[in-house]
Amino acid sequence: MENEESLIPIEIKHKEFLAFTSEILKDKIKKKKRSRIIGYIYNEDVKMPVSLDEILIDAKLTLYPEAIPYLFQLEGCPKKLFLFLLLYRTKVRSHRVENEAKFKFNSSTISLFNQFCDIYPPVYGETSVKQAIKQLREQNIILSVGRGENLINPMITGGKNFRARCRLIQQYGEELVRQDKNPWECFYPKLSR
């Protein structure tokens, strides 16, 4: 068994993550306690399990298989920002009917993102975060649909079922046309060479 002292910082980070998530998402998530075996105590001929109670978040994030080409090339701040937005700024984590991938991006989003980065460094400057959101747009991962309003490409996530997802894909395509963007070039992932 690993040295228990080496596990303590990891457990602390998990608790910080749970506290942050609970504060931000409040009543939008459920937490459940679960036990898991972390070792054994041997007493004469008896092997007794030692367990640890952990708190887990009971929610789902859906990424469709088509998400892989979009996300595979992400690194650094853009990757972290996308994952942060997915969990904390969209409704895709919900078990409820509302399951869309629309979110606001503004100075409070940047501040909240950096609070999260305090748990999992590094913390990024405002310019770096704005550059990351720009890169997500350039790679067709998100689309600006209004002042501060963005939509995650429904090829990646969104829609509580297949029919709802197809409606989101249709709406996303209509928005691209409305913005005079090429619905082929601006829909599929931009691949780096």
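The values are calculated or read from the model by the stated rules, or taken from the named source; none is laboratory data. The structure presented is a predicted model; accordingly, all values stated were derived computationally and were not measured. Don't worry about glycine lacking a Cβ; one is built from the backbone with ideal geometry, like all the others, and counts go over all protein chains shown.
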Restricting attention to segment 96-109, does a residue exist that is exposed (fewer than 15 other Cβ atoms within 10 Å of the Cβ), hydrophobic (A, V, I, L, M, F, W, C) and touching a Cys at 6+ places or on another chain (Cβ under 8 Å)? no
Read through the list (1) in contact (Cβ under 8 Å) with a residue 60 or more places away in the chain; (2) part of a loop (DSSP other than H, G, I, E, B); (3) surrounded by fewer than 19 Cβ atoms within 10 Å (Cβ to Cβ), then give the number of the only condition that LEU112 fails. (2)
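Rundown of residues vs (1) β-branched (Val, Ile, Thr); (2) over 18 Å from ARG147 (Cα atoms); (3) at pLDDT 90 or above, yes/no style:
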| site | (1), (2), (3) |
| --- | --- |
| PRO78 | no, yes, yes |
| LEU83 | no, yes, yes |
| ARG89 | no, no, no |
| HIS95 | no, yes, no |
| CYS117 | no, yes, yes |
| PRO122 | no, yes, yes |
Any idea which of (1) more than 18 Å from PRO154 (Cβ to Cβ); (2) assigned by TED's automatic domain parsing to the domain that holds PRO154; (3) not in a loop (DSSP other than H, G, I, E, B) is the one ARG137 doesn't satisfy? (1)
Criterion violated by GLU185 - all others in (1) in the same structural domain as GLU75 (by TED's automatic domain parsing); (2) out of contact with any Phe, Trp or Tyr (no Cβ under 9 Å at 6 or more places or on another chain); (3) not in a helix (DSSP H, G or I) satisfied: (1)
Among the residues of segment 97-104, is any β-branched (Val, Ile, Thr) and assigned to a helix (DSSP H, G or I)? no
Residues of segment 33-91 that turn out to be more than 30 Å from LYS190 (Cα to Cα), β-branched (Val, Ile, Thr) and surrounded by 12 or more Cβ atoms within 10 Å (Cβ to Cβ), as a count: 3
Any residue in segment 145-163 that is in a strand (DSSP E or B), at positive phi and without any contact (Cβ under 8 Å) to a residue 12 or more places away in the chain? yes
